[in-house]
1. Using the Karplus curve 6.51 cos²θ - 1.76 cosθ + 1.60 with θ = phi - 60°, work out ³J(HN,Hα) for each residue of region 140-155 in order, rounded to whole Hz, and write x for Gly and Pro.
2. What are the ³J(HN,Hα) values, in whole Hz, obtained from phi via the Karplus relation 6.51 cos²θ - 1.76 cosθ + 1.60 with θ = phi - 60°, for each residue of region 34-47 in sequence order, with x given for Gly and Pro?
3. Can you list which of the trypsin sites (Lys or Arg not before Pro) found in region 24-115 are DSSP loop residues with at most 16 other C-beta atoms within 10 Å?
4. Output the relative contact order of region 1-151, whole-number percent, from Cα pairs under 8 angstrom with separation of 6+ residues.
5. Please arrange Cys208, Cys120 by counting, for each residue, the other beta carbons lying within 10 Å of its beta carbon, fewest first.
6. Which order do Asp105, Asp192 fall in if you start with the one that has the fewest other Cβ atoms within 10 Å?
7. Name the long-range amide H neighbours of Thr32: under 5 Å, sequence gap of 5 or more, or other chain; modelled H, no Pro or chain starts.
8. Report ³J(HN,Hα) in whole Hz for each residue of region 245-251, in order, from the Karplus equation J = 6.51 cos²θ - 1.76 cosθ + 1.60 where θ = phi - 60°; Gly and Pro get x.
Amino acid sequence: MLASRRTDIVLLLVAVVWGSSYLAAKTATGSTPVLTVLFLRYGISAIALLLFVRSVNRRELKVGGLLGLSQAAVLVLETYGVTHTSAANAGLIISLTLVLTPLMDRRRMPPRFFLAAGICIVAVGLLMSGNGLHAPGIGDLLMLAAAVVRAAHVALVGRLATDLRPLQVTTVQTVVGTALFAGPAVGHLPTDAGVATWLQLVYLALFCSVFAFLAQTWAVQRTSASRASLLLGTEPVWAVAIGIVLADERLTVPAAIGAVLMLTGTTWGQSIERTHRIRSGPVVVDDGGTSGGVDALRGARAGAGGPERGGARPDLGAAAPAARRPAGASRSTGADGRARRGPVGSRGSASYGEQHADPRAPAAPDPG
C-alpha cells in the first residue's frame, strides 16, 4: 500500500512539474530570447542525460536524429506560443494532442471519439475568445499548431522507436536540439542574466526534462497503465492552477467553460481510445521493454522536456528477441539485469500511460 502511494505521488509530481513548465518557459523568455532559452534547456538536459548513457547504436542515432528535428519544431512553436498567451491557455490547448494523436495514427475510432474531439474543438474556440468573439491571438494559434505537430511527432515515434531504448533516443534528441539552436543562440547568451533567469532555465532542463523523464520511467514500471495515464493526465489542471496562483492569470467565464470542456473532452476521448484498443485485442511484441500498447506521447518531456512530451517509451530495458505476449504487458530489464514485466507509458500519446512509443519531451520531453 505504501509503495503504491509512493508511486502515485511520483506520477502526480511529474504532472505538476510538467504543468509548471509553461509558466517557467513564459517567464524565462521574458528576459532571454526564445531560441536561446531552447538552446540552454536542451544543452543542460543533454549534459545531464549523457551521464546515464554508455552507448548508442546506429539505429538509435538515426531515429533519434529524425525525432530530434520533429521535436525541435514542436518546442519552437510551444515556446513562442506561450510567450504570447497565458500559461493556463497554453497547458489546455496543447492537451489537444491527446485526441489528435489517434487520428494522426490513422486508426479507426468509434463515433463517440469524434464527439469527444468536437468538444475539444469547441473548448479551443472558447479559450481563444477571451472576453468575447474576436480574431484568435497569435499565441493561441501557435499552441494549436504545436498540438498538431506534436501529435504527428508522437505518431512518428510510435512507428519508428518502439523497439529502441528510450533513454538513448532521448539523449540523441537533446544533442540534436542543442546543435540546432546553437547557431541562433550563440550571439545572445545571457551573460548578464540574473540568478532568477538561470534558476528558471535549470528548472526547465533538470526538472521538467531530466527528472520528469526518469521519474516517469521508474513509476510507470510499478503501476498500471490506466492509473499512470489518469495521474499524468492532470497536467493541464496544474498548468491552470499554477498560472492563476503564481502569475495572477484570470480565466474569463467563456475561458473557464472552455477549460472544463477541454478537460472533459480529452479525458473522455482518452478513455474511449483506451477501451477501443483493449477490445481490439492487439498483440504486443516483446521488444525488450519498449512496447506497451498502441500509442505513445512518449518521454517527450525528457530531452528538452517542457510543454512538449514525446519520445521513445520510458522503459530502460535493452532490446530483446521478439516474442508474442498479452497486450498491456511489456518486458523491461531492471538494473539487476533481470527481465520483468510491467506496464509502460509516457506522456504524449493518446493515453499517457498506454502508448506505442513520447515527454514537456526528447525521446523526449517537451519544453514547457
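No lab work stands behind these numbers, since they all come straight from the coordinates. In this text, all values refer to a predicted model and were calculated from it rather than measured experimentally. Note: ideal-geometry Cβ built from the backbone for every residue, glycine included; neighbour counts use all protein chains shown.
1. Residue by residue, region 140-155 yields 5, 5, 5, 5, 5, 5, 5, 5, 5, 5, 5, 4, 5, 4, 5, 4 Hz.
2. Taking θ as phi minus 60°, the curve returns 3, 5, 6, 4, 5, 4, 5, 5, 5, x, 5, 4, 4, 4 Hz for region 34-47.
3. Arg54, Arg106, Arg108
4. 33
5. Cys120, Cys208
6. With the sparsest Cβ surroundings first, the list reads Asp192, Asp105.
7. Answer set, sorted by chain and number: none.
8. Karplus-based 3J(HN,Hα) across region 245-251 equals 6, 8, 10, 6, 6, 10, 9 Hz.
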